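Enquirer: Right, I'll just put the structure down here and ask away after.
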Amino acid sequence: MSEKLIAAINEQINKEFYSSYLYLAMAAHFDANALPGFARWMKVQSQEEWGHGMRFYEYLADIGEPVVLKPIALPPLKFGSPREVFNQVLEHEIAVTASINALFELARKEGDPKTEVMLHWFIDEQVEEEKNARDILDQLSMAGDQSFGIAFLDRSVLGARKADD
Ligand code: FEO
């Protein structure tokens, strides 16, 4: 496999682990603000992102290429309202989609069909990731800034997220 592609996949591992860290920081924000359901959703999301990083890790390990772990950047220390946080989630996921698409283009350019096929799973996953953020933003719009609407979403919607959702 080309050095360029190995480096780009290792970079993506770092981005996925950063995503895990970012969502964990958002979970801590919600835990500190008495929104345990939102915090639960973020903890499940954080685990999912760890899984994405590991999926790339296992791919490199399976084909005998080096996994190179780099420092994970610090996530922000402060976050805003649930709506502001989910706008950040959507923006972040759109950036991850662009990164996956660039990786796919690179695999194609470098003539690496097995990496293209491996990336199909991530391309599908990003459709789901962006949809999830948009759906929650729609629900937050309906709730407005009314605390009972936010409390309902916290208890009955986001707090109900299962570990594999
Ligand atoms: Fe790993 Fe949220 O994409």
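Enquirer: Here is a check on your reading of the model: is Gly37 within 14 Å of the ligand (Cβ to nearest atom) and at negative phi?
Expert: No; evaluated as a whole, the condition is false for this residue.
Enquirer: Does any residue of segment 103-110 turn out to be assigned to a helix (DSSP H, G or I), under 22 Å from Arg40 (Cβ atoms) and under 18 Å from the mean Cα position of the chain (by Cα)?
Expert: Looking through segment 103-110, none of the residues is assigned to a helix (DSSP H, G or I), under 22 Å from Arg40 (Cβ atoms) and under 18 Å from the mean Cα position of the chain (by Cα).
Enquirer: Considering only residues that are without any contact (Cβ under 8 Å) to a residue 24 or more places away in the chain, surrounded by 12 or more Cβ atoms within 10 Å (Cβ to Cβ) and among the charged types (D, E, K, R), which ones fall in segment 135-162?
Expert: Correct list: Asp135 only.
Enquirer: Being in a helix (DSSP H, G or I), buried (at least 16 other Cβ atoms within 10 Å of the Cβ) and either within 16 Å of the ligand (Cβ to nearest atom) or more than 12 Å from the chain's Cα centre (by Cα) (or both) narrows it down to one of Asn132, Asn87, so name that one.
Expert: Step by step, each of Asn132, Asn87 is checked, and only Asn132 is in a helix (DSSP H, G or I), buried (at least 16 other Cβ atoms within 10 Å of the Cβ) and either within 16 Å of the ligand (Cβ to nearest atom) or more than 12 Å from the chain's Cα centre (by Cα) (or both).
Enquirer: Further question: May I ask you to list pairs of residues, at least six apart or on different chains, whose Cβ atoms are under 7 Å apart, with the first in segment 1-24 being closer than 25 Å to Phe79 by Cβ and modelled with pLDDT of 95 or more and the second being of a type in the set (Gly, Ala, Ser) and outside any helix (DSSP H, G or I)?
Expert: Pairs that qualify, where the first residue is closer than 25 Å to Phe79 by Cβ and modelled with pLDDT of 95 or more and the partner is of a type in the set (Gly, Ala, Ser) and outside any helix (DSSP H, G or I), are Tyr18/Ala73.
Enquirer: Could you list all residues from segment 1-26 that are more than 14 Å from the ligand (Cβ to nearest atom) and within 30 Å of Ser156 (Cβ to Cβ)?
Expert: Answer for segment 1-26, where residues must be more than 14 Å from the ligand (Cβ to nearest atom) and within 30 Å of Ser156 (Cβ to Cβ): just Ala25.
Enquirer: Residue by residue through segment 51-75, note down the ones that are free of Cβ contacts under 8 Å to residues at least 60 places away in the same chain, surrounded by fewer than 17 Cβ atoms within 10 Å (Cβ to Cβ) and either within 15 Å of the chain's Cα centre (by Cα) or in a helix (DSSP H, G or I) (or both).
Expert: Residues satisfying the conditions are Gly51, Met54, Glu58, Ala61, Asp62, Ile72, Ala73.
Enquirer: Checking Ile100 against (1) away from the ligand (no atom under 16 Å from the Cβ); (2) surrounded by 14 or more Cβ atoms within 10 Å (Cβ to Cβ); (3) among the β-branched types (Val, Ile, Thr), which single condition isn't satisfied?
Expert: (1)
The values are calculated or read from the model by the stated rules, or taken from the named source; none is laboratory data. Quantities reported herein were computed from a predicted structural model and do not represent experimental measurements. Every residue, glycine as well, gets a Cβ built from its backbone with ideal geometry; the counts of neighbours run over all protein chains shown.
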